[in-house]
Amino acid sequence: MSCAAQGDMRFVLFGHFTVFVTLADSFNSHTIEYYVENKEGEKQRIAQAQLMADGMVDGYVSNRDRQQVLEHYLEKIAPVYNGLYAAVEHDLPVDLKQLVAGKAPANLA
């Protein structure tokens, strides 16, 4: 896991995919965006969350509670993580658009 100078957080999954957590590219953004990128540079948004003025994420997770924030984050990326894990485990090709849309690799459906 690492944090970039631009303020995003990223980590590598299975040696081939990078997951990014960053603020949306707009002035004074309160939108948290989650992306997955493959080694070829194809990047797809996984999910979004809203950081409220009162410090709540999506209206129900306190940004002061690290455990709740971690669980919320893992919940956001879980479908993509599970799909990547299954594809890597079964040596199947990964189509990020299908994966983000919630479709399993063809041979696992």
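Close contacts from segment 84-99, counting a first residue that is more than 17 Å from Val19 (Cα to Cα) and a second that is open to solvent by 90 Å² or more (accessible area, probe 1.4 Å) and part of a helix (DSSP H, G or I), with Cβ to Cβ under 7 Å and a gap of 6+ residues or different chains, come to His90/Asn107; Leu92/Asn107.
Would you call Glu40 under 16 Å from the mean Cα position of the chain (by Cα), open to solvent by 80 Å² or more (accessible area, probe 1.4 Å) and without any contact (Cβ under 8 Å) to a residue 12 or more places away in the chain? Here the answer is no, as Glu40 does not meet what is asked. Residue count for segment 53-94 under the criterion of being assigned to a loop (DSSP other than H, G, I, E, B) and either loosely packed, with under 15 Cβ neighbours inside 10 Å or at pLDDT 90 or above (or both): the result is 12.
Suppose we keep only residues that are within 22 Å of Asp91 (Cα to Cα) and either free of Cβ contacts under 8 Å to residues at least 60 places away in the same chain or touching a Phe, Trp or Tyr at 6+ places or on another chain (Cβ under 8 Å) (or both) within segment 12-37. Which one would you say is most open to solvent (accessible area, probe 1.4 Å)? Only one residue fits best here, namely Val12.
Here Lys97 fulfils each of the conditions (1) modelled with pLDDT of 90 or more; (2) assigned to a helix (DSSP H, G or I); (3) among the charged types (D, E, K, R) apart from (1).
The values are calculated or read from the model by the stated rules, or taken from the named source; none is laboratory data. Given the structure is predicted, the values throughout are model-derived calculations rather than measurements. So basically every Cβ, Gly included, is an ideal-geometry build from the backbone, and we count neighbours across all protein chains shown. Accessible surface is based on the protein model in full, side chains and every heavy atom, while ligands, DNA and RNA are left aside. Shrake-Rupley method; radii C 1.70, N 1.55, O 1.52, S 1.80 Å.
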